[in-house]
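Asker: Below is one structure. I have some questions about it.
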Amino acid sequence: MKCLLVFCLTLFFITFSRAMINSEISETQPYYAYVTFASLQTSFYGGGALISFQHVLTCAANIRGFNMWRIGVGSNSRRMQRTFTTTRAVVHPDYNEDLQNHIRTNDIGIIILLSPIERSNNVAPILISPFAFHNITNTQGMVLGHAGSTTTGNEGLDELQAAHVRIISDIDCLQAYPNGANQSIFCASDRQRRSNFCLGDQGGPFSVVSRGTEYLVGIASLPGCSNIVSSYMPVISYRDWIREEINV
């Protein structure tokens, strides 16, 4: 059975069509998780955030329709990451997507590792923000990913990438996502460098530093790619559901 899991996870690596835009190399982020999500037919990859030593918060799109996940942590280099395989995950009960109209609602889920990861200097959970930073226009945040790209089998860049973006107003968010902008998402952009995440980075963490502490504020949902605006799930809106699922 173990061999079958490894085989299924290494077979059919088909990646997304675009990469993180105008990003820069990031140092190791202890909470960042590189997520490979697979079914018996195919596999893709994205990102996530350690919210405990046994739980990875990601977007629901990285979970629904898949039955195996491989999590890489502990290094900004994919080749040096410690990896863990699991078949356990949960999607928010009200998750829904309408990709024809570019809409995802409640796009959030949790991957559950089979056992806790050992704490180290390079592996540690991130705090979920107790503040509604997503409502504060112009707040700067950072989104992470390995820039999954093309359909050639390339799993993305080896080194972790970071894009620094600022939260925009609800009005600007609505202009970018007229069918999907509502109270369940917030938007961010970088109008100077036009930094952004794309399909291979979905599920990755959007963090904000406040008074020296880094907080998880959002989960990358609908990618902007060539559009300078991207959308995120506000984690604080799901804090009670998350606590219930991870028994905190």
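Asker: Listing Leu199, Leu114, Leu160 from the residue with the fewest other Cβ atoms within 10 Å to the one with the most, what is the order?
Answerer: Lowest to highest Cβ neighbour count: Leu114, Leu199, Leu160.
Asker: Further question on the same structure: If we restrict to alpha carbons, what Rg and Dmax does the range 21-123 come to, in Å?
Answerer: My reading of the Cα-based Rg and Dmax gives 14.1, 43 Å.
Asker: What's the FRET efficiency of Leu127 with Ile246 using the Cβ-Cβ distance as r and R₀ = 22 Å, to the nearest 0.05? Could you put the intermediate results ahead of the total?
Answerer: Numbers: r = 14 Å, r/R0 = 0.62.
After rounding, the FRET efficiency stands at 0.95.
Asker: Once amide H atoms are placed 1.01 Å from N in the peptide plane, what residues at a sequence separation of 5 or more from Tyr31, or on another chain, have their amide H within under 5 Å of its amide H?
Answerer: When sequence neighbours closer than 5 places are left aside, the close amide H contacts are Ala124.
Asker: Also, quick follow-up: Sort the following peptides by mean Cβ neighbour count (other Cβ atoms within 10 Å, averaged over residues), highest first: 93-99, 128-134.
Answerer: On the way: 93-99: 12.3, 128-134: 17.0.
Ranking the peptides 93-99, 128-134 by packing returns 128-134, 93-99.
Asker: Label-point separation (nm) for Asp158 and Thr137, each offset 7 Å from Cα along Cα-to-Cβ?
Answerer: A separation of 4.4 nm, rounded to one decimal place.
Asker: Counting alpha carbon pairs within less than 8 Å and at least 6 residues apart, what relative contact order, in whole percent, applies to the range 33-81? Intermediate results must be reported in sequence, preceding the final value.
Answerer: On the way: 70 pairs, mean separation 19.6, N = 49.
Value for the range 33-81: 40 percent.
Asker: Separate question: Around Ser39, which amide H atoms from residues at least 5 apart in sequence, or from another chain, sit under 5 Å from its own amide H, with H modelled in the peptide plane?
Answerer: Asn67
Asker: Then there's this: What are the residues whose amide H is under 5 Å from the amide H of Ile103, where those residues sit 5 or more places off or on another chain and H is modelled from the backbone?
Answerer: Asp98
Asker: What is the packing order of peptides 138-146, 57-65, taking the mean over residues of other C-beta atoms within 10 Å and listing the highest first?
Answerer: 57-65, 138-146
Every number in this text was worked out from the coordinates using simple rules, so none of it is lab data. Just so it is clear, the model here is predicted, and its values are computed rather than measured. With ideal geometry, Cβ positions are generated from the backbone for all residues, glycine too; neighbour counts draw on all protein chains shown.
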